[in-house]
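Read the structure below first, then the notes.
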Amino acid sequence: MGIEFFQGFLLLLQPINLLAVAAGSIAGLIFGMIPGLTTTTCIIMFLPLTFVMDPVTSVALLLGIYTGGMSGGSFSAILINIPGTPSASATQIDGFPMAKRGEPARALSISITASLVGGLFSFVALALFAPQLANVALQFKTPELFALIFFGISIISSFAVKSVVKGFISAVLGLIICTIGQDPIRGIGRFTFDNVNLLMGFNIIPILVGLFAFPEIINIFKEVMTAHEKVKGALPFRKIFPSWADFKVAGMANFIGSLVGTFIGILPGAGGPIAIFMAYDYTRKFSKRPEKYGTGIPEGIASVEAANSAVCGGALIPTMTLGIPGDGITAIIIGALIIQGLAPGPLLFVQHASFAYTMIAAYFVANWITALIGYLGVRWIVKLLDLPKAVLLPLIIITCFIGSYAPRNSFFDVFTMFGFGLLGLGMRWLQITVIPMVLAIVLGDQLESHLRLALTSSQGDISIFFASPISLFFLLLSAFTILFPFIMQRKKKGTHLGFDSKGTDQ
Amino acid sequence: MTPNRFGAFLLIAISLAYGYFTLQQPKAQALGDPGLTLFPWILTLFLLFLSGLLLVQDLRGLALPKRFSFAFTPAGVRSAIGLTLIFVYICVMPYIGFFLSSVLLFGSIMWLVDERRPLIIFGFSCGVTLLLFLFFGVLFQIPLPKGTLLQEVFLWA
């Protein structure tokens with residue numbers, strides 16, 4: 001680490017990069033706050049800009065949005081009792097009662113502070129563990145890498161969805177999409193049907209835009225007429241800053257939330273919605289006054305907000321070191337980095353070390369800037385809750401178009417976006433989540449490459465995957481993650497097969 | 001037919017079609033490489049197996065959703081019209097260009113979500129599209145489509 005770490009910070013401290021973090025944070029706070037819009041939508045809207053930006057500035061912008069979005073979700077949860085993002089859906093349990101009691105500024109202040117604490121906690125985990133994990137991953141050979149990627153896809157297909165079967169269907173469809181175009185080893189075209197546009201395969205950005213943005217556009221169409229009741233109450237400037245008394249009361253909650261959020265964030269697919277409820281539950285169990293939870297106490301807000309912010313840093317650990325995205329947003333960030341020629345994974349810390357450390361630094365700075373903007377600007381930002389969706393909706397659609405068109409200036413990509421949008425809607429209708437598909441599309445080429453290279457080196461002997469202890473470990477872990485939901489279901493003797501958990505769309 | 005049964009049959013059809021197209025691919029086995037069809041074959045078998053599993057789950061009443069829920073609600077109709085407008089938007093853009101098509105889409109969507117004040121619609125459609133054009137097209141130099149029809153008109157003029 002050492003010198004590269006400080007070089008990363010220095011690189012980030014250039015004014016343009018700080019400006020990008022600030023712009024991202026503001027956009028993330030606004031999109032995270034407005035119900036119906038999500039951080040994912042915001043990132044997709046800003047993707048076209050990243051194609052013309054320097055990689056460091058791009059990642060600064062995207063991480064600004066990511067951290068801002070996580071904080072912003074709590075504003076609407078506190079003020080209108082509707083979470084801006086699924087990751088803030090437990091903030092309203094204590095946030096709204098506190099705001100209703102006439103203390104909206106205090107609730108917002110606790111929430112912003114907890115987000116900062118959670119973000120900084122996960123930054124420490126990211127800065128400490130990511131380089132070490134990347135070093136370990138560098139020792140992996142093709143069988144281990146195949147097993148690792150297989151494990152990543154298995155865990156997201158098992159735990160991020162309501163039905164394991166549907167999770168794997170989503171992943172296999174993603175892998176099938178990946179096989180279109182040149183094969184990753186010898187460059188021979190497959191499934192191209194003599195279409196020159198398919199020779200290089202589908203561009204990942206239009207796929208991400210279609211799969212994530214279309215279902216959200218349809219949601220906004222449905223929710224566009226919904227009116228929300230807003231808590232009336234002043235947000236005096238000095239009350240927005242945290243008081244020492246609140247910070248002390250919420251100290252343990254901040255710590256538990258940060259710990260749970262970071263750990264859950266590391267697990268691919270688990271994501272914010274699971275982390276917040278776990279953090280809330282643990283904080284209540286460890287509390288001296290569990291009966292007060294739900295009545296508007298600082299600990300209730302702090303645990304949730306610390307957890308959902310900590311998820312970001314946690315999710316960045318497997319994203320940066322193994323190239324396995326922790327959630328949908330990190331999958332999009334990987335897509336944006338691939339376009340820039342920077343594929344996350346263990347080699348990132350070797351081939352682009354300064355960039356890797358700049359990314360870590362960007363996450364640190366993004367947390368501070370988001371908190372600063374939150375403290376100073378929340379009084380004005382919350383006014384945007386009244387922004388008409390009649391204006392936002394076409395704005396999102398047009399930026400989706402630009403995001404799909406810009407990477408290759410191709411209308412084929414725009415139609416790809418539309419096609420995948422319809423596929424995303426169809427999958428939602430069948431209750432099949434798109435997250436495993438996205439992960440499979442991001443990792444598919446690598447999975448096939450490592451499989452074939454390993455088999456080539458062993459002359460077709462599949463025992464090569466079981467010969468190495470690391471490879472065997474990941475394969476056994478994969479088998480466990482696949483079978484675990486079925487075993488749990490058997491135990492519960494429930495009504496339907498699968499593992500019930502919340503989705504991970506942010 | 002339940003949605004899952006429909007989905008399972010569709011997936012079986014997809015896996016069979018994918019298997020058929022895999023057969024058409026060159027084997028290209030060389031130097032110990034198992035070839036470029038190995039991975040697609042694994043995926044074909046996996047998808048067939050998973051589709052079968054989904055079908056079994058549905059037959060045993062274990063998979064959700066259990067029935068189709070088509071209802072002509074105003075929100076549903078609005079969403080369908082919205083999707084059609086987006087499709088028309090990307091179809092006409094190569095001909096009339098980014099600016100004009102975006103102004104038209106902006107106005108149509110605003111109208112669709114019950115904004116009826118013509119001045120507001122006109123102002124926002126032109127204003128926001130212009131801002132987007134200046135922001136992405138001019139400031140960030142993203143080459144937005146100019147439209148072949150309009151180019152011809154200007155050339156002719």
* For residues in region A:377-394 being at the interface with chain B (Cβ under 7 Å from one of its Cβ atoms) and free of Cβ contacts under 8 Å to residues at least 40 places away in the same chain, which is farthest from B:ARG78 (Cα to Cα)? -> A:VAL391
* Asked: Which of the following residues is in contact (Cβ under 8 Å) with a residue 40 or more places away in the chain and either facing another protein chain (nearest Cβ under 7 Å) or not aromatic (Phe, Trp, Tyr) (or both): B:GLY82, B:GLY52?
  -> B:GLY52
* Looking only at region B:110-121, decide whether some residue is within 10 Å of chain A (Cβ to nearest Cβ), more than 22 Å from A:GLU216 (Cα to Cα), assigned to a helix (DSSP H, G or I) and free of Cβ contacts under 8 Å to residues at least 40 places away in the same chain. => yes
* For region A:417-469, which residues satisfy the criterion of being away from chain B (no Cβ under 11 Å) and either touching a strand residue (DSSP E or B) at 6+ places or on another chain (Cβ under 6 Å) or not in a helix (DSSP H, G or I) (or both)? -> A:THR433, A:VAL434, A:SER463, A:SER468
* Answer yes or no: is there a residue in region A:360-380 that is buried (at least 19 other Cβ atoms within 10 Å of the Cβ), at pLDDT below 90 and in a helix (DSSP H, G or I). => yes
* Asked: If we keep just the residues of region A:399-420 that are buried (at least 23 other Cβ atoms within 10 Å of the Cβ) and β-branched (Val, Ile, Thr), which is nearest to B:ILE109 (Cα to Cα)?
  -> A:THR399
* Here is a list of conditions, (1) away from every other protein chain (no Cβ under 13 Å); (2) part of a helix (DSSP H, G or I); (3) over 14 Å from A:VAL442 (Cα atoms), and A:PHE140 meets all of them except one; can you say which number that is? -> (2)
* A:ASP445, sole failed condition from (1) within 22 Å of the chain's Cα centre (by Cα); (2) farther than 19 Å from A:ILE338 by Cα; (3) modelled with pLDDT of 90 or more -> (2)
* Asked: Any chance region A:475-493 includes a residue that's in a loop (DSSP other than H, G, I, E, B) and touching a residue at least 12 places away in the same chain (Cβ under 8 Å)?
  -> no
* Asked: Restricting region A:200-226 to residues that are within 14 Å of chain B (Cβ to nearest Cβ) and under 18 Å from A:ASP413 (Cα atoms), which is farthest from the chain's Cα centre (by Cα)?
  -> A:GLY201
* Structure fact -> For A:SER243, the lone unmet condition from (1) more than 26 Å from the chain's Cα centre (by Cα); (2) crowded, with 17+ Cβ neighbours inside 10 Å; (3) touching a residue at least 40 places away in the same chain (Cβ under 8 Å) is (2)
* Any residue in region B:1-29 that's more than 9 Å from chain A (Cβ to nearest Cβ) and in a loop (DSSP other than H, G, I, E, B): show its pairings with residues that are surrounded by 16 or more Cβ atoms within 10 Å (Cβ to Cβ) and hydroxyl-bearing (Ser, Thr, Tyr) at Cβ separation under 9 Å, as long as the two are six or more apart or on different chains. => B:LYS27/B:THR37; B:GLN29/B:THR37
* Considering only region A:23-74, how many residues are of a type outside the set (Phe, Trp, Tyr) and either outside any helix (DSSP H, G or I) or in contact with a Pro (Cβ under 8 Å, 6 or more places away or on another chain) (or both)? -> 10
* Starting from region A:158-173, keep only residues that are at pLDDT below 90, then list their pairs with residues that are of a type in the set (S, T, N, Q) whose Cβ atoms are within a distance under 6 Å, requiring at least 6 positions of separation or different chains. => A:SER158/A:THR481; A:ALA160/A:THR504; A:VAL161/A:THR433; A:VAL164/A:SER158
* **Members of region A:468-488 found to be closer than 17 Å to A:PHE168 by Cα, of a type outside the set (A, V, I, L, M) and surrounded by 18 or more Cβ atoms within 10 Å (Cβ to Cβ), listed by number** => A:SER478, A:THR481, A:PRO485
* To do: Could you identify the single residue in A:VAL21, A:VAL59, A:VAL117, A:VAL136 that is more than 18 Å from the chain's Cα centre (by Cα), buried (at least 24 other Cβ atoms within 10 Å of the Cβ) and among the β-branched types (Val, Ile, Thr)?
  => A:VAL117
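Per-residue answers, yes or no, for (1) modelled with pLDDT under 90; (2) of a type in the set (Phe, Trp, Tyr); (3) buried (at least 24 other Cβ atoms within 10 Å of the Cβ):
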{"position": "A:LYS288", "(1), (2), (3)": "yes, no, no"}
{"position": "A:GLY300", "(1), (2), (3)": "no, no, yes"}
{"position": "A:GLY328", "(1), (2), (3)": "yes, no, yes"}
{"position": "A:ALA336", "(1), (2), (3)": "yes, no, yes"}
{"position": "A:LEU342", "(1), (2), (3)": "yes, no, no"}
* Asked: Quick one: in region A:69-91, which of the residues that are of a type in the set (S, T, N, Q) and buried (at least 24 other Cβ atoms within 10 Å of the Cβ) is nearest to A:LYS383 (Cα to Cα)?
  -> A:SER76
* Cβ-Cβ below 8 Å, separation at least six or inter-chain, first residue in region A:414-432 and without any contact (Cβ under 8 Å) to a residue 40 or more places away in the chain, second crowded, with 18+ Cβ neighbours inside 10 Å: which pairs? -> A:PHE415/B:ILE90; A:TRP429/B:PRO3
* Asked: Could you list, in sequence order, the residues of region B:84-105 that are under 16 Å from A:ILE218 (Cα atoms) and either at pLDDT below 95 or loosely packed, with under 15 Cβ neighbours inside 10 Å (or both)?
  -> B:THR84, B:PHE87
* Residues of region A:174-192 classified as without any contact (Cβ under 8 Å) to a residue 60 or more places away in the chain, part of a loop (DSSP other than H, G, I, E, B) and within 19 Å of B:TRP41 (Cβ to Cβ), total -> 5
* Evaluate region A:332-355: report whether one residue or more is within 23 Å of the chain's Cα centre (by Cα) and within 14 Å of another protein chain (Cβ to nearest Cβ). => yes
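The values are calculated or read from the model by the stated rules, or taken from the named source; none is laboratory data. Note that this is a predicted model, so its numbers are computed, not measured. Cβ coordinates were reconstructed from backbone atoms using ideal geometry, including for glycine residues, and neighbour counts include every protein chain displayed.
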